[in-house]
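J.: Let me give you the structure first, and then I'll get to my questions.
The values are calculated or read from the model by the stated rules, or taken from the named source; none is laboratory data. On a predicted model such as this, the values are computed, not experimentally measured, just so you know. In this analysis, Cβ positions are derived from the backbone assuming ideal geometry, glycine residues included, and neighbour counts consider all displayed protein chains. Heads up: the accessible areas ignore ligands, DNA and RNA and are worked out on the full protein's heavy atoms, side chains in. Shrake-Rupley method; radii C 1.70, N 1.55, O 1.52, S 1.80 Å.
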Amino acid sequence: MRTAAPRYRVGMVREERTEPVPSVTAVPHAARRVAIRIVGGPAAGRGWSLQTDRIGIGSHPANDVVLDADPDISPFHCELEVTSEGLRVRDRHSASGTFIDGVRVVDAFLPDAASLVVGATLLSIGVAEPAGEMQPIAPTAFGSLVGVSKAMRRVFAELERAASTDATVLLEGETGTGKERAAQALHDASRRRDGPFVVVDCAALPETLIESELYGHEKGAFTGAVSRRIGAFEAADGGTVFLDEIGELPLAMQPRLLRVLETRTVRRLGSQEPVPVDVRVIAATHRDLRAEVNAGRFREDLYFRLAVICIRLPPLRERPEDIPPLAERLLEALGASVEERRRLLTPSLVARLRAAPWPGNVRELRNFLTRCLALRELPPLPAATDGGCSSRLPEVDARVPYEASRRAWIDTHERAYVSRLLDLHEGNVSAAARAAGLHRGYLHRLLRKHGLRGR
């Protein structure tokens with residue numbers, strides 16, 4: 001056991017961590033082969049044969065299937081995903097849409113022998129099984145991440161390969177899938193493990209303070225700047241800076257971040273002196289940044305600077321086989337005894353946990369298990385109809401400590417209130433915060449705490 005590097009969160013107290021760095025073996029995987037051919041429209045007759053789980057289609061050269069002869073194709077038009085249930089297609093908010101058999105789709109499975117229309121191009125798509133597919137092998141964990149599913153084992157392999165480099169990494173995934181834990185594990189397994197790990201939550205920072213938090217400021221740079229302040233990039237020198245929820249970074253702030261990524265230098269507010277920084281950058285987002293690029297809300301050049309290595313963490317509903325080991329690990333981390341874990345994780349409850357939708361993913365599962373321990377009873381499981389929120393308050397159990405019971409009641413009220421607040425304002429976080437008299441950054445923290453999502 002060795003002592004890990006100091007870990008920092010911008011605006012919060014320094015936190016020391018003592019975790020072993022895992023030894024990880026790469027996971028071989030052979031995906032099914034996808035054959036794509038243009039059968040109508042510009043460049044008819046052109047084809048591709050690809051063996052990968054995800055295939056990007058669009059006019060930009062970064063796509064796997066580049067349709068640059070069709071002016072109606074968006075830069076990142078749509079994406080194909082090879083799943084155990086079939087071939088899935090997701091439109092990236094393209095301008096002209098994605099169609100299956102004449103029906104415009106946003107997210108759908110392609111039926112057998114179906115054709116896909118993007119822009120003015122008709123695509124024929126077929127899938128073939130690879131000869132002798134290699135099954136994923138160990139590991140079933142990477143850092144604090146746990147998973148036995150094929151999807152998570154592939155993620156662990158990608159994380160291990162990324163950890164061996166200094167390349168910038170973009171972690172994608174829904175709220176609560178463990179992107180910050182993945183970033184921490186990447187740092188701990190890298191050559192920068194003895195350097196600082198600095199977290200910047202782009203969603204929680206007021207727009208007026210973003211540049212100061214990232215790049216620092218000199219004394220007198222603005223009203224209230226009573227002393228020099230070191231920004232996140234300088235604080236992370238020799239280590240890793242983690243830009244959480246990078247998709248929330250305002251468009252006006254993106255050019256300066258792009259320049260920092262390109263030059264690896266920062267200039268504090270109020271100074272013209274460039275300061276070189278030696279940092280590894282990891283970013284994370286629950287947004288589809290390619291769709292944001294199409295919509296003009298995220299810079300294309302910044303996206304490519306961030307997505308040198310792109311890793312997607314799958315939601316819990318796509319890997320229910322991971323729920324039993326996750327629940328065991330989470331309860332252990334929460335301090336549950338062996339007897340408490342045995343009593344709680346009965347076959348009946350595990351089956352119910354696996355069947356629940358978990359819209360808040362692992363974070364929501366952890367909150368549920370925390371309430372189970374605090375209340376010594378089973379709260380309602382999340383249901384697809386109410387987004388995992390129940391209006392029923394927990395029963396009072398005077399056998400548990402007062403503070404644990406009080407915290408459980410507060411958490412239940414917070415989640416119910418925030419969920420209904422978002423529903424009332426159609427998911428608009430800014431409007432919801434104004435109506436509730438809350439700071440937008442604080443509301444974002446509540447959303448992440450309870451595994452909810454706004455826009």
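J.: Of all residues in the range 438-455, which are assigned to a helix (DSSP H, G or I) and either among the basic types (K, R) or over 24 Å from R371 (Cα atoms) (or both)?
T.: R440, G441, R445, R448, K449
J.: Give me a count of the residues in the range 85-113 that are touching a residue at least 60 places away in the same chain (Cβ under 8 Å) and over 12 Å from I57 (Cβ atoms).
T.: 2
J.: Being over 19 Å from D166 (Cβ atoms) and in contact (Cβ under 8 Å) with a residue 60 or more places away in the chain is the filter; apply it to the range 212-244 and report the residue that is farthest from the chain's Cα centre (by Cα).
T.: E213
J.: So, D70, is that one open to solvent by 60 Å² or more (accessible area, probe 1.4 Å) and charged (D, E, K, R) or not? Quick ask: steps written out before the conclusion?
T.: On the way: open to solvent by 60 Å² or more (accessible area, probe 1.4 Å): no; charged (D, E, K, R): yes.
Considered against the rule, which asks whether it is open to solvent by 60 Å² or more (accessible area, probe 1.4 Å) and charged (D, E, K, R), D70 comes out as no.
J.: Just to be sure before I move on: is A203 open to solvent by 20 Å² or more (accessible area, probe 1.4 Å), farther than 12 Å from L269 by Cα and touching a helix residue (DSSP H, G or I) at 6+ places or on another chain (Cβ under 6 Å) in the structure I sent?
T.: Against the criterion (open to solvent by 20 Å² or more (accessible area, probe 1.4 Å), farther than 12 Å from L269 by Cα and touching a helix residue (DSSP H, G or I) at 6+ places or on another chain (Cβ under 6 Å)), A203 does not qualify.
J.: Assuming G220 fulfils every condition listed in (1) in contact with a Lys or Arg (Cβ under 9 Å, 6 or more places away or on another chain); (2) open to solvent by 10 Å² or more (accessible area, probe 1.4 Å); (3) of a type outside the set (K, R); (4) assigned to a loop (DSSP other than H, G, I, E, B) apart from one, which condition is it?
T.: The single condition G220 does not satisfy is (1).
J.: Now a separate question. For the structure I just gave you, tell me whether T208 is over 24 Å from L171 (Cβ atoms), open to solvent by 50 Å² or more (accessible area, probe 1.4 Å), free of Cβ contacts under 8 Å to residues at least 60 places away in the same chain and in a helix (DSSP H, G or I).
T.: On the way: over 24 Å from L171 (Cβ atoms): yes; open to solvent by 50 Å² or more (accessible area, probe 1.4 Å): yes; free of Cβ contacts under 8 Å to residues at least 60 places away in the same chain: yes; in a helix (DSSP H, G or I): yes.
So T208 passes the test.
J.: Name every residue in the range 149-173 that is in contact with a Lys or Arg (Cβ under 7 Å, 6 or more places away or on another chain) and either under 25 Å from L447 (Cα atoms) or crowded, with 23+ Cβ neighbours inside 10 Å (or both), in order of residue number.
T.: M152, L171, E172, G173
J.: Out of everything in the range 226-244 that is in a loop (DSSP other than H, G, I, E, B) and open to solvent by less than 10 Å² (accessible area, probe 1.4 Å), what residue ends up being modelled with the lowest pLDDT?
T.: The selected residue is G231.
J.: Could you name every one of the helices (runs of 4 or more DSSP H) located completely within the range 324-423 that has at least 1 residues being open to solvent by less than 30 Å² (accessible area, probe 1.4 Å) and modelled with pLDDT of 90 or more?
T.: Where helices (runs of 4 or more DSSP H) fall fully within the range 324-423 and carry at least 1 residues being open to solvent by less than 30 Å² (accessible area, probe 1.4 Å) and modelled with pLDDT of 90 or more, they are 347-355, 361-375.
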